Amino acid sequence: MSDRFDEAVAALIRPDLHRPPPDEVRKLAAEAIRLAGGRRSEGGGIVATLFYGSCYRDGIVGDGMVDLYLLAGSEGVPAQGRIAAIANRLVPPNVHYVQCRDGNGRTLRAKYALLTLQQFSARMRPACGNPYFWARFAQPTGIVEVEADCRDRLEAAFVRAIRTLHGHARRLTGPDSPPETLWVNVLQETYRTELRVEKPDRARQIYLANRERFDAVAAILDRAPVEPEIGGTWAWRRFEGKALSVLRLVKAAFTFAGGADYLAWKIERHSGVVLQLTDWQKRHP
């Protein structure tokens, strides 16, 4: 059930959520939706597509890797095989790679994650102790498209993610901490729950890049009651988060469609070596 704080946060983030994405993102999203079986309104299962990550923050696609989330309705994702569907229920999300060309022949690339809107919404709540989802989507995100009957539910999930992150931030730093301390401390804690190592100043960079929004959220929610601590301690989150990261890596070996093309791109980007993959290599990365 929403309250006046939810409504205030929703009004604050709504312009960013619904800001039109770049044409390149729309093109990649359309191709990802096609590979995932299509939109629900067209007989498929996808009800919403989200755009987030560094390309979203920078507002530039260029030769970068766009990050997308495809959310399915209650029927799930028809294009997934049985094993992939089971894996996605146990350790979401399943992640895939997609590429296409723009009107100038430039290759566009994206990773897209698949899960249901129900899974997505449930993992924004405080009862979901691991911050993998709510820490990401408490940060600025764009909705590329969403079916009309899912819009309110999706917006509510973003608000819940923000309130969950803010609640943990207040418990870490106390009620009178300045916004920068509040957000930087909790973001640093969330990074410690993952295997990949972020730069020491990464949390501060995220805060400074979105300072106006973070400060406005704090001004709203610092007046709200803090919900009871649930979902485990930060020590447990670090253990659980790293274990889940390992499981996701193992799962990706079997479910990451387009993984060979993605690895080839990563090698080229970091070393300059262009790999020409055979069809067999693409099927057996």
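The values are calculated or read from the model by the stated rules, or taken from the named source; none is laboratory data. Everything numeric in this text was worked out from a predicted model, so none of it was measured. Please note: Cβ atoms are built from the backbone with ideal geometry, for glycine as well, and neighbour counts cover all protein chains shown.
Does the stretch 16-36 hold any residues that are without any contact (Cβ under 8 Å) to a residue 12 or more places away in the chain and closer than 16 Å to Leu50 by Cβ, and which are they? If the condition is that a residue be without any contact (Cβ under 8 Å) to a residue 12 or more places away in the chain and closer than 16 Å to Leu50 by Cβ, then Pro20, Ala30 are the ones that fit.
Within the stretch 58-78, the residues that satisfy the criterion of being surrounded by 18 or more Cβ atoms within 10 Å (Cβ to Cβ) and under 21 Å from Val146 (Cα atoms) are Val66, Asp67, Leu68, Tyr69, Leu70, Leu71, Ala72, Gly73, Gly76, Val77. For Glu145, the conditions (1) out of contact with any Ser or Thr (no Cβ under 7 Å at 6 or more places or on another chain); (2) of a type in the set (D, E, K, R); (3) surrounded by 15 or more Cβ atoms within 10 Å (Cβ to Cβ) are fulfilled apart from (1).
Taking the criterion of being buried (at least 16 other Cβ atoms within 10 Å of the Cβ) and either closer than 11 Å to Ala36 by Cα or at pLDDT below 90 (or both), the only residue of the stretch 98-110 that qualifies is Val98.
Taking the stretch 1-97 as the region of interest, the helices (runs of 4 or more DSSP H) fully inside it that hold 1 or more residues being of a type outside the set (S, T, N, Q) and either at pLDDT 95 or above or under 19 Å from Phe120 (Cα atoms) (or both) are 4-17, 23-35, 82-90. Does the stretch 134-150 contain any residue that is under 16 Å from Gly241 (Cβ atoms), modelled with pLDDT under 95, under 14 Å from the mean Cα position of the chain (by Cα) and not in a strand (DSSP E or B)? No: the stretch 134-150 contains no residue that is under 16 Å from Gly241 (Cβ atoms), modelled with pLDDT under 95, under 14 Å from the mean Cα position of the chain (by Cα) and not in a strand (DSSP E or B).
Scanning the stretch 103-133 for residues that are of a type outside the set (Ser, Thr, Tyr), assigned to a loop (DSSP other than H, G, I, E, B) and under 19 Å from Ser54 (Cβ atoms) yields Arg106, Pro131, Phe133. Selection within the stretch 241-260: residues that are buried (at least 17 other Cβ atoms within 10 Å of the Cβ) and among the charged types (D, E, K, R). The member of this set that is modelled with the lowest pLDDT is Lys251.
Is it true that Ala218 is surrounded by 15 or more Cβ atoms within 10 Å (Cβ to Cβ), assigned to a helix (DSSP H, G or I) and without any contact (Cβ under 8 Å) to a residue 24 or more places away in the chain? Answer is no for this residue. Across the stretch 223-238, the qualifying residues are those that are under 22 Å from Tyr191 (Cα atoms) and among the small types (Gly, Ala, Ser), and the one among them that is modelled with the lowest pLDDT is Gly231. Restricting attention to the stretch 46-73, which residues are small (Gly, Ala, Ser) and under 22 Å from Leu17 (Cβ atoms)? Those that are small (Gly, Ala, Ser) and under 22 Å from Leu17 (Cβ atoms): Ala48, Gly53, Ser54, Gly59, Gly64, Ala72, Gly73.
Residues in the stretch 166-201 that are assigned to a helix (DSSP H, G or I) and either at pLDDT 95 or above or buried (at least 16 other Cβ atoms within 10 Å of the Cβ) (or both): how many? So the count comes out to 19.
Note on the stretch 164-187: residues that are more than 23 Å from the chain's Cα centre (by Cα), of a type in the set (Val, Ile, Thr) and more than 17 Å from Glu227 (Cα to Cα) total 1. When Asp3, Asp58, Asp23, Asp16 are screened for being in contact with a Lys or Arg (Cβ under 8 Å, 6 or more places away or on another chain) and among the charged types (D, E, K, R), only Asp16 passes.
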